[in-house]
Amino acid sequence: MPDARGVEVVELTDPDDPRLADYRDLRDVELRKHLEAEHGLFLAEGEKVVRRAVEGGYAARSFLMAPRWLEGLHDVLAASDGPCYVLSEDLIEQVTGFHVHRGALASLRRRPLPPVDEVLEGARSVLVLEDVVDHTNVGAIFRSGAALGFDAVLLAPRCADPLYRRSIKVGMGAVFSTPWTRLPDWYDALPELSRRGFTTVALTLSADSVPIEEAVDGVDRLALVLGSEGHGLSARWEGAADRRAIIPMQAGIDSLNVAAASAVACYVAARR
């Protein structure tokens, strides 16, 4: 029932309560993908991330937290319609399958993805991801892009979900403040960006790659293209890019993890 300040707080003692279905078995990635797609929801974890999700305009289905987090998130709860389920930390661990050390979770409603035109409106620097399938890497790339002034992110159809809990957590909620969408046409995605006035610069170890500083020099509207963790960019995207770039390295190491590479490349690109 509502507390004295209008927040609907529901104290629960049974971890099998059906009202907690949104939060169950969070360690099972495949199960969560199916459940979240079927019900049009995603989860945010941690006080800062929950706050950013709600402030980003996502409607809450419900909240789940230990009692000690109620006060710090009271303004967020008061501004939302969903109930707040309160359990002990031990019971929350039974529900979710792991220790939620940041204490608070929220189940939020997904929104329809915006069209590419809307995401690119006014954008000068854009990240374009092809088949980056690790949720942690996607979250880290969003965080780097947001921190270093990139205006939007475009994802190929097979990229990992930026709204998966792990992606959101690693990205510290950058997905809520960065415009993003999925590309409807993988094959001609880069030529289409070129037609829109972007210079597409692909990070790749091709024979004609030049240092990233040189590749972005003088570029006005930049689309920085990153490939998958294992094989990098497809031959189609590598060949279709306007320019190809590398991050010069030493000590016999030819590449970085895609998340680390994105941070370096974004830093250089932001200073072009």
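The values are calculated or read from the model by the stated rules, or taken from the named source; none is laboratory data. This one's a predicted model, so the numbers in the text were calculated from it and none came from an experiment. Quick reminder, even Gly has a Cβ in these numbers, built from the backbone with ideal geometry, and neighbours come from all protein chains shown.
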Only one residue in ARG244, ARG236, ARG272 is within 23 Å of LEU120 (Cα to Cα), touching a helix residue (DSSP H, G or I) at 6+ places or on another chain (Cβ under 9 Å), assigned to a helix (DSSP H, G or I) and not acidic (Asp, Glu), so which one is that? ARG236
Failed criterion for GLU192 (all others in (1) buried (at least 20 other Cβ atoms within 10 Å of the Cβ); (2) in a helix (DSSP H, G or I) hold): (1)
Looking at VAL126 and the list (1) assigned to a strand (DSSP E or B); (2) under 14 Å from ALA66 (Cβ atoms), which single condition is not satisfied? (2)
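Per-residue answers, yes or no, for (1) within 16 Å of PHE42 (Cα to Cα); (2) assigned to a loop (DSSP other than H, G, I, E, B):
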| site | (1), (2) |
| --- | --- |
| VAL133 | no, yes |
| PHE142 | no, no |
| ARG166 | yes, no |
| VAL175 | yes, no |
| PRO184 | no, yes |
In the set GLU71, GLU38, GLU45, GLU30, which member is surrounded by fewer than 18 Cβ atoms within 10 Å (Cβ to Cβ), assigned by TED's automatic domain parsing to the domain that holds GLY97 and under 17 Å from LEU108 (Cα atoms)? GLU38
Of all helices (runs of 4 or more DSSP H) completely enclosed by region 1-108, which ones contain at least 3 residues that are more than 23 Å from the chain's Cα centre (by Cα)? 74-78, 89-96
Any chance region 156-165 includes a residue that's within 23 Å of SER234 (Cα to Cα) and among the basic types (Lys, Arg)? yes
Considering each of ARG158, ARG165 in turn, give the residue that is over 21 Å from VAL264 (Cα atoms), of a type in the set (D, E, K, R) and in contact with a Leu (Cβ under 7 Å, 6 or more places away or on another chain). ARG165
The correct count of residues that are assigned to a strand (DSSP E or B) and without any contact (Cβ under 8 Å) to a residue 40 or more places away in the chain in region 209-233 is 3
Quick check on my filter: what residues within region 61-95 are among the charged types (D, E, K, R) and in contact (Cβ under 8 Å) with a residue 24 or more places away in the chain? ARG61, ARG68
May I ask you to list the residues in region 109-123 that are assigned to a loop (DSSP other than H, G, I, E, B) and either touching a residue at least 40 places away in the same chain (Cβ under 8 Å) or buried (at least 20 other Cβ atoms within 10 Å of the Cβ) (or both)? ARG110, ARG111, LEU113, PRO114, PRO115, ALA123
